[in-house]
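Working notes for the structure below.
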Amino acid sequence: MSNQEEPANIGRVLSFLREWDRGDRTVRGRMLNTFVGQSSGKTCYELETEFAQVSSLFLARLTTWMRLTYMFGTFLGLQLRAIRIFLSASGHDQYLMEFLEDGGVLTLLDILSHAESKEEDKAEAVHLLLTVSNAGRKYKEMICESHGVKVIAECLAKSNTEETQDTAWALLESLSHWNPKYLNLIYKSLIALMACSSPKAQQMVLHTLRIVQSKMKTAHHSIVEPLLNMLRSLHLEVQDEAIHLILDLKGSDVRPVLLSGLVALLRPAREDVKSQQITEEAEMMMMIGSLPVFVQQAAAAKTIRLLAEEDQEISHDLLSLGVIQCLLCALGNREHTDAQIQASLALQHFVLSFPVVEDHVQRVMGRSLFTAFVNHGETFHMNLDETQAENLLTNKVNIYEARPMMSGLRSGMRQSKRGGGEMIESAKTKRKRTKTAVKEEETTASPSSYHTFTDPADVVLLRSELLKWYDREQRELPWRTLAVTEPDLNIRTYAVWVSEIMLQQTQVATVIDYYNKWMKRWPTVQDLSAATLEEVNQMWAGLGYYSRGRRLHEGSQKVVTELKGQMPQTVDSLLKQLPGVGRYTAAAIGSIALGQVTGAVDGNVIRVLCRLRAIGADSTSPAVTEALWDLANTVVDPDRPGDFNQAMMELGARVCTPKGAVCSQCPVQSHCHSYRKVHVKQEQNSKKLLGKLEGKTSSLSDIEECVISGTCRLCPSEPWDNALGVHNFPRKPAKKAARVERTLTCLVIRRGDVGEDEYLLTQRPDKGLLAGLWEFPSLLLEEESSEMKQRKALCAEISRMLGTSLTESLLQHIGDVVHNFSHIHQTYVVHIVRLKDLDTQTHTENTQWLSRDALQEAAVSTGVKKIVKLYDSVDGQKEQTSKNGKKQNATGVKNNKKPQASKKTKLDAASSGGRQLSLSCFFKAVKEES
């Protein structure tokens, strides 16, 4: 805005505000209509420009007028839409904070709870609350502290429009994310909401409950009764969500109550059947001809089958609850076909899995009917007559009456496929314990209490001390900032995923610049999926371990094509659905981006936990690995899992380092067994030096030790080394020596169209080391081949690429470049060859000519860049020699002895450039100059 336009704009805004202040409801309504029509979709900057940097004055007037008039409904919808323009336009918290300071959240909640509010006004109010919630954790807490969860839940339950229901559901889900302080409140409110009458609301509530339940450490017992009641819903979508939630709860502490409840539903009481002849859904009952209790019976049988098929232990629990008698009863219910089908399928599972069940069911049915049941389970009900059905209804099967038979039930369970595959008795495997079984048993054996955290109070204190230190000392890293500030769950999960993949085997300082460039170019998973692999390799060049970038690219395409653009939302789904994501990476993303309560064990955390609990066995062994994961899951803070895991990593990276641990700065020093052992040892040594120690000392009797150290799988096998101190832990196995390789490579150079040099590059295969990257023509050297044969082979390879014939004499050796991979010690034996114009066309795929500038930007490895650097140093020496006429020695003094000067210059260049000249090249140079 020019200096002349600014006063005019300020005057216009002041006139607008005066008109607003003096206007009646009609005038304000007209002004609001104009504002909404002209300002929708404007950015914060555009609004500020329009209102001459005083837009907050109009927002304050809007909020105040809404607070005073919302009960009368005066242009309430317009007011809410106008406020939404401000809150949606803000790129930061400016408008949001001003709206909240004026009591905006309380007013919106009052609108939702006001009996006279219109449905469309409620929808706008919920939209605004969703905008507030998505702005960050502190705003979610503000809504919850204002008793917003209850109001929003009631709005979802009572609303008559799908738009309001959908938005209220999204709002409750948003409040549950990244809000551990009020997670329990949201959880209980959702449980209470299951009793609402709207099927769509019930479906939404159950879906949200599944998400919230995955973040809860335990399941509340109040969930059981309403959840089982959901199985009687005549709406299949509701019933399906309820079944999935029950499956999610199979490992929780409410499992026994759930299982007994499901079994009880298989035999509805006569009173229940009579009392439900008339229901609120009578019309739908007439259409499908079924009572809700029978629908519930069928759903219970289906759920029991799904649970039993997934978990053998659950199968045993169900048998002890009398599930077979109840399934036979449901199978005889001729009033509801679906109940018969589901009961038949469930019963088949138990019959094919347990011999004792097979015997009892065959006795009840009779041989011919039992054969029909085994062979045609889904259509078995069609063959039942009234007498047979009554026989099933009144059966008295009690599996647990046959004690001798039951003694072998758990140990002699037969495993089979549904269609009646081969049956194998597990009792045989008991008699033949393989080495693998013994090894697994040792891995899962409980470690000594010395290596664990047995006192819950110690765990609480450790969490508190570590998080206080982290809040004070944490580094500001771009992925951490984004994980805290990004309201979009999909983008947040993607951003943390990228950071965790980049940080694998790579230092933080190296990753920061790559990460910022990556996120600027591909800010969403959709953007990355649209990129080419060549672009990804180009961006990744120099970061190393190039398969990581390829897997990120593959994963993004899978998310877009198979997961409809939605990143996985649980640790299990991250692990299963994203290529290149292992146990640690899934746990890190789940805890940091999604707030899931899980530990994360990386190299830093391994070191910290091993020192805290004095774990000295090989840290890569299965026993130690599982023990460390158990420890990590024990100590992780349930309210701040992401911060806690990052604090553990930060502690390992900056304080509890591999070779220079700074114990004096450690916030959890009082919990560290290793530090205590060092401290006591130092005290004892001091006493010995001062002569204050009487007689022979016992071997650290005053230091707490592992009581089974001789056989403990976590204790060190090597003796304590005083010189190492806390660095005695962890113990790592000796590193496997890197494979030594030598590769013949050649810079093939031609003169380009614009007069600058161009270089021939070829693309590596899509799989294996440096997959998909570009390199100079190369050939792996074989030990048995002579140097002459190898040069001849390289020359032949280049000739094949160019479709011409080159001789080995054209190849000039300029030096060697050493480049180490994690498992390979690679030496590139570097040659150059300059081509005439006639020899420059390539005749093979996956080759290209690149200028120097294009080469620097291409997807090439660090090894290729080192080769270019070697070439530049040699080329620079030649240019300096031709310019001066005489070479200079290392001190810059000209030397008249040409052979000596030449040799000196080459040797100095080799040492300064990090390369090694071959002896043949050296003697050749001396011979020519002499």
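Checking the structure you have, find out if any residue of region 178-192 is open to solvent by 30 Å² or more (accessible area, probe 1.4 Å) and aliphatic (A, V, I, L, M). Yes, region 178-192 contains at least one residue that is open to solvent by 30 Å² or more (accessible area, probe 1.4 Å) and aliphatic (A, V, I, L, M). Could you please find all residues in region 464-507 being of a type in the set (A, V, I, L, M), open to solvent by less than 40 Å² (accessible area, probe 1.4 Å) and more than 28 Å from residue 174 (Cβ to Cβ)? 466, 502, listed by residue number. Of all residues in region 217-241, those satisfying the criterion of being open to solvent by 40 Å² or more (accessible area, probe 1.4 Å) and assigned to a loop (DSSP other than H, G, I, E, B) are 217, 218, 220, 232, 235. Yes or no: residue 761 assigned to a strand (DSSP E or B), under 28 Å from residue 534 (Cα atoms) and at pLDDT 80 or above? Yes, satisfied.
Here residue 587 passes the criteria (1) more than 15 Å from residue 647 (Cβ to Cβ); (2) touching a Gly at 6+ places or on another chain (Cβ under 7 Å) except the one numbered (1).
May I ask you to list pairs of residues, at least six apart or on different chains, whose Cβ atoms are under 8 Å apart, with the first in region 374-389 being touching a residue at least 40 places away in the same chain (Cβ under 8 Å) and the second being open to solvent by 30 Å² or more (accessible area, probe 1.4 Å) and assigned to a helix (DSSP H, G or I)? Pairs that qualify, where the first residue is touching a residue at least 40 places away in the same chain (Cβ under 8 Å) and the partner is open to solvent by 30 Å² or more (accessible area, probe 1.4 Å) and assigned to a helix (DSSP H, G or I), are 381/337; 381/341.
Please go through region 53-93 and pick out each residue that is modelled with pLDDT under 85, open to solvent by less than 70 Å² (accessible area, probe 1.4 Å) and in a loop (DSSP other than H, G, I, E, B). Within region 53-93, 73, 74, 90, 93 meet the criteria. Cβ separations smaller than 9 Å between residues 6+ apart or across chains give the following pairs from region 447-460 residues that are in contact (Cβ under 8 Å) with a residue 60 or more places away in the chain to residues that are small (Gly, Ala, Ser) and open to solvent by 80 Å² or more (accessible area, probe 1.4 Å): 452/446.
From 555, 599, which residue is among the small types (Gly, Ala, Ser), under 25 Å from residue 515 (Cα atoms) and assigned to a loop (DSSP other than H, G, I, E, B)?
599
Of everything in region 158-178, what is of a type outside the set (A, V, I, L, M) and assigned to a helix (DSSP H, G or I)? Give them in sequence order. Those that are of a type outside the set (A, V, I, L, M) and assigned to a helix (DSSP H, G or I): 158, 162, 163, 164, 165, 166, 167, 169, 173, 174, 176. Filtered by the rule that a residue be of a type outside the set (Lys, Arg), closer than 16 Å to residue 743 by Cβ and either without any contact (Cβ under 8 Å) to a residue 60 or more places away in the chain or surrounded by fewer than 21 Cβ atoms within 10 Å (Cβ to Cβ) (or both), region 854-870 gives 862, 868, 870. Picking from residues in region 308-365 that are assigned to a loop (DSSP other than H, G, I, E, B) and of a type outside the set (A, V, I, L, M, F, W, C), the one that is nearest to the chain's Cα centre (by Cα) is 311. If the condition is being in contact with a Lys or Arg (Cβ under 7 Å, 6 or more places away or on another chain) and more than 21 Å from residue 551 (Cα to Cα), then region 572-613 contributes 595, 596, 597. Would you mind stating whether residue 97 is of a type in the set (A, V, I, L, M), surrounded by fewer than 19 Cβ atoms within 10 Å (Cβ to Cβ) and within 25 Å of residue 123 (Cα to Cα)? So residue 97 fits the description; yes.
May I ask you to verify whether residue 713 is in contact (Cβ under 8 Å) with a residue 24 or more places away in the chain, surrounded by 16 or more Cβ atoms within 10 Å (Cβ to Cβ) and assigned to a loop (DSSP other than H, G, I, E, B)?
So residue 713 passes the test.
Close contacts from region 337-349, counting a first residue that is of a type in the set (Lys, Arg) and a second that is surrounded by fewer than 24 Cβ atoms within 10 Å (Cβ to Cβ) and part of a helix (DSSP H, G or I), with Cβ to Cβ under 9 Å and a gap of 6+ residues or different chains, come to none at all.
Quick check: is even one residue across region 545-555 closer than 20 Å to residue 641 by Cβ and aromatic (Phe, Trp, Tyr)?
No, there is no match, as no residue in region 545-555 is closer than 20 Å to residue 641 by Cβ and aromatic (Phe, Trp, Tyr).
Does region 25-48 include one or more residues that are touching a helix residue (DSSP H, G or I) at 6+ places or on another chain (Cβ under 6 Å), free of Cβ contacts under 8 Å to residues at least 60 places away in the same chain, under 18 Å from residue 87 (Cα atoms) and exposed (fewer than 13 other Cβ atoms within 10 Å of the Cβ)? Among the residues of region 25-48, at least one is touching a helix residue (DSSP H, G or I) at 6+ places or on another chain (Cβ under 6 Å), free of Cβ contacts under 8 Å to residues at least 60 places away in the same chain, under 18 Å from residue 87 (Cα atoms) and exposed (fewer than 13 other Cβ atoms within 10 Å of the Cβ), which makes the answer yes. In the set (1) free of Cβ contacts under 8 Å to residues at least 60 places away in the same chain; (2) out of contact with any Cys (no Cβ under 6 Å at 6 or more places or on another chain); (3) not in a loop (DSSP other than H, G, I, E, B), residue 181 fails one condition alone, (1).
The values are calculated or read from the model by the stated rules, or taken from the named source; none is laboratory data. Since we're looking at a predicted model, the values are computed, not measured. Cβ: placed from backbone, ideal geometry, glycine included. Neighbour counts: every protein chain shown. To get the accessible areas, we keep the full protein, side chains included, count just its heavy atoms, and leave off ligands, DNA and RNA. Shrake-Rupley method; radii C 1.70, N 1.55, O 1.52, S 1.80 Å.
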